[in-house]
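Working notes, structure below.
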Amino acid sequence: MDFNDGEVADLLGRLSDAKSPSGFEDEVVDVVRDFCSGWAKVESNTVHDALITPNNFTGNKPVLMLDAHGDEVGGMVKSIRSNGTMTFVELGRFSPNVLAGQDVLVRNTLGEWVHGVIGVKPPHFMSAAERASGELQLILDVGATSKEEAVNVFHMGMGEPFVPATKFEYDEATGVALGKAFDCRAGVAAELLALRELSGRDDLPFDVVASVSAMEEVGERGVLAAAMRFNPMVAFMFEGCPADDTFTIPDDVQTAFRRGPMFRYFDCCMITNPRYQRFVLKCASEAGLVCQTSVREGGGTDGGPIHMLDVPCVVAGVPSRYVHSGTALCTLYDVKMTAEVAVAVAERMTPEDVRAF
C-alpha cells in the first residue's frame with residue numbers, strides 16, 4: 001500500500017481541527033462524510049455515530065466492523081456568573097491542571113465558535129495555603145464583564161461545548177504532527193485509510209464496515225449503537241493511545257513513537273481475546289509490518305462494550321504523546337502503519353479463524 005503523506009496529513013489535520021467533544025460530533029461526521037464521498041455511504045444515528053458502508057458491501061457475508069471514536073475531551077458551560085465568567089464541567093477527563101490558561105473555542109447559542117480562555121488566579125493573588133495545595137480554581141472566560149453581556153453580546157449559554165483552540169501543524173521533514181484530539185482522531189485517520197483500501201477488494205470473506213463512534217470519552221456509549229446496527233461477527237478497533245516513551249524508564253516503554261500500532265493485552269475495560277491477539281500479531285509479522293504490545297494499568301476503549309457483546313475484538317492504538325491535554329504529538333509513520341496492519345488482518349482472517357477465537 002502506498003498512502004500519500006500529503007493526503008494523510010491533510011486528513012489528520014481536518015480531523016484534528018474538527019471541534020467535536022463528546023455529544024457534539026457533528027464536525028467529525030462532516031469530515032468523514034467528505035472523505036468517503038464516492039466510495040462509501042455514510043449515515044448517522046441519534047447518538048451521532050458515523051456509520052460507514054462501502055460500495056462493495058454485499059449483505060451476504062459475515063461482518064467485520066472497524067471502529068474508532070470521533071469525540072474528544074472537552075467541556076460544557078455549567079453556569080454564567082454575574083461578572084460574565086462561566087463555570088463548566090469536563091466532557092471526559094483532562095489531565096490535572098492542563099486546562100489552566102488554555103485558550104479554548106466556545107460554541108455560542110448562534111452556533112459560532114468564540115475564542116476564550118480557561119482562567120486561573122494569578123500567583124500574585126494566591127494565599128500561601130492556595131500555593132501549597134496546588135489546587136486551582138478554574139473559570140471559563142470570553143471577555144464579558146457581566147452576565148447580560150455574556151448572554152446578549154457574546155451569546156453564551158448553558159450546555160454549550162468548548163474545546164482547546166489548538167491548530168494542527170505537520171512537519172514534512174520530521175513526519176511529526178502536532179494538534180489536539182489525536183485521541184482518537186489519529187485512530188480515525190488510520191481507520192478511514194484502511195477502510196478505503198478494503199473497499200476496493202471483492203475477494204474478502206467479510207463485508208467490512210466501519211463506525212466513527214460517539215461519546216467514547218464519557219463511557220464508550222456510541223459504539224454500542226453502532227454494533228447493534230451492524231451486528232458484526234468480529235471487530236477491529238482503532239485508538240489514539242497515550243504514548244509512554246517520554247516519561248517511562250526504557251525497559252518499561254510499551255507505546256513508543258515510530259514502532260507502529262500498540263495492541264493491548266489488558267486495560268481497565270477488557271482482557272483482550274488472546275487467540276485474536278496472537279492472530280493479529282502473526283498477520284503483522286507475515287506482512288513485514290511493525291507493531292508493539294502492552295499491558296495497561298489504566299484507560300479503556302470501545303473494545304470494552306464490544307467484547308461484552310460476545311464479539312471478539314482487538315485494539316490498535318496509534319501512539320500519541322500527551323493525549324487528554326490541549327496539544328498532542330503523533331507521527332504519520334504510526335498512522336500509516338496502523339492502517340496497513342488492519343488491512344493485513346482483514347486480508348488474512350476468515351470466519352473459521354473467528355470461530356476459533
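Numbers below:
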{"quantity": "Helix-derived mean residue ellipticity, 222 nm - over the chain, DSSP H n ≥ 4, -39500 (n - 2.57), to 500", "calculated": "-8500 deg cm²/dmol"}
{"quantity": "Equivalent ellipsoid dimensions for the range 106-246 as semi-axes, Å, which come from the Cα gyration tensor, largest first", "calculated": "40, 21, 17"}
{"quantity": "Formal net charge of residues neighbouring Met65 (Cβ-Cβ distance under 13 Å; K, R +1; D, E -1)", "calculated": "-3"}
{"quantity": "R0 of 41 Å, Cβ-Cβ distance Trp39-Arg131: FRET efficiency to nearest 0.05", "calculated": "0.10"}
{"quantity": "Inter-label distance, nm, simple model (7 Å from Cα along the C-beta direction), Arg348/Asn83", "calculated": "6.1 nm"}
{"quantity": "Shape category assigned to the range 284-357 from the gyration tensor of Cα positions, a/c cut at 1.5", "calculated": "oblate"}
{"quantity": "Residues listed by number, the range 27-51, amide nitrogen under 16 Å from Met228 label point at 7 Å toward C-beta", "calculated": "44-51"}
{"quantity": "Top of Phe182, Phe266, Phe247 by mean-square fluctuation, Gaussian network on the chain, Cα under 10 Å", "calculated": "Phe247"}
{"quantity": "Selected from Ala128, Ala342, Ala190 as most flexible by GNM, with the chain as the system and alpha-carbon contacts under 10 Å", "calculated": "Ala128"}
{"quantity": "Under Karplus coefficients 6.51, -1.76 and 1.60, residue-wise ³J(HN,Hα) of the range 63-72 in Hz, glycine/proline x", "calculated": "9, 9, 9, 8, 8, 8, 8, x, 7, 9"}
{"quantity": "Rounded, prolate or oblate (a/c below 1.5 giving rounded, otherwise prolate when a/b exceeds b/c) for the range 209-348 by Cα gyration tensor", "calculated": "oblate"}
{"quantity": "Contour minus Cα-Cα distance for Arg93 and Thr248 (0.36 nm per residue)", "calculated": "53.6 nm"}
{"quantity": "Dmax and Rg, reported as Rg then Dmax, of the range 1-74 (C-alpha, Å)", "calculated": "13.6, 40"}
{"quantity": "For the range 290-342 and the range 154-213, distance of Cα centres in Å", "calculated": "13 Å"}
{"quantity": "Dipole of the range 272-357, positive end: most advanced residue of Thr293, Val345, Phe279 [Cβ charges, Cα centre]", "calculated": "Thr293"}
{"quantity": "Residue-wise HN-Hα coupling along the range 164-169, computed from phi with Karplus coefficients 6.51, -1.76, 1.60 (Hz; x: Gly, Pro)", "calculated": "x, 8, 4, 9, 5, 9"}
{"quantity": "Semi-axis lengths (Å, descending) of the ellipsoid that matches the C-alpha gyration tensor of the range 1-136", "calculated": "40, 17, 15"}
{"quantity": "DSSP-defined antiparallel bridges as percent of all bridges, the chain, nearest 5", "calculated": "60 percent"}
{"quantity": "Amide H partners (placed H, <5 Å) of Cys241, local residues excluded", "calculated": "Val318, Ser320"}
{"quantity": "12 Å beta-carbon shell around Gly298, net charge (K/R +1, D/E -1)", "calculated": "0"}
{"quantity": "In sequence order, calculated HN-Hα J values of the range 95-103 (Karplus, 6.51, -1.76, 1.60; Hz; x Gly/Pro)", "calculated": "4, x, 6, 6, 6, 4, x, 6, 7"}
{"quantity": "Pair Glu286, Asp171: separation of 7 Å Cα→Cβ label points (nm)", "calculated": "3.9 nm"}
{"quantity": "Under 5 Å, built H, 5+ apart or other chain: amide partners of His69", "calculated": "Ser213"}
{"quantity": "Residues with amide H under 5 Å from that of Thr301, placed H, sequence gap 5 or more", "calculated": "Cys269"}
{"quantity": "The chain: most fluctuating residue of Val315, Val104, Val153 per GNM, C-alpha cutoff 10 Å", "calculated": "Val153"}
{"quantity": "Prolate/oblate/rounded call for the range 237-300, Cα gyration tensor, a/c under 1.5 rounded", "calculated": "oblate"}
{"quantity": "Rounded FRET efficiency, nearest 0.05, which uses the C-beta distance separating Asn152 from Lys121 and R0 of 22 Å", "calculated": "0.20"}
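Each value in this text was obtained by applying a stated rule to the coordinates, not by laboratory testing. On a predicted model such as this, the values are computed, not experimentally measured, just so you know. Because the Cβ atoms are built from the backbone with ideal geometry, glycine has one as well, and the counts that use them run over all protein chains shown.
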